[in-house]
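J.: Sharing a structure, written as structure tokens. Questions coming.
The values are calculated or read from the model by the stated rules, or taken from the named source; none is laboratory data. Keep in mind that what you see is a predicted model, and the values were worked out from it rather than measured. All Cβ positions, even for glycine, are placed from backbone atoms using ideal geometry, and neighbour counts span all protein chains on display.
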């Protein structure tokens, strides 16, 4: 079993629980039903599910390796950044950048780089990726600010 992924799964679950506990102290002022607690709770659920997926995948791989008797073969060491680890680091940078750059600029940068991570260098449609990032950031900003009435940091644009 790959301890790196197993540890990442456990870390993700614990991080999700931590976010969930912290979200319990957030006070809601929104009258629309979707308030300040909504996103942290969704994010915590996402981290917990992601951690469970990592752990389940490692268990599945271990079962397959045992079935094929490949456990005697030693894996070769290669250095590469795991996309899941890189995504988590990118998310931390995104959260830190929101207060400085604002929601729209930070979201555009985050979504663009997240698409690159998920794409894994297979295709290079940078203009398409930028358009997706800009449109989805502007749409979500409009949705939260105009429809739900949630205050979002404007940053450099405000």
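J.: Looking at the structure I just gave you, is residue 135 under 22 Å from residue 83 (Cα atoms), free of Cβ contacts under 8 Å to residues at least 40 places away in the same chain, in the same structural domain as residue 90 (by TED's automatic domain parsing) and part of a helix (DSSP H, G or I)?
T.: It is false that residue 135 is under 22 Å from residue 83 (Cα atoms), free of Cβ contacts under 8 Å to residues at least 40 places away in the same chain, in the same structural domain as residue 90 (by TED's automatic domain parsing) and part of a helix (DSSP H, G or I).
J.: Say we look at the range 92-113 and pick out the residues that are within 19 Å of residue 134 (Cα to Cα) and surrounded by fewer than 15 Cβ atoms within 10 Å (Cβ to Cβ); which of these is modelled with the highest pLDDT?
T.: Top of the filtered list is 93.
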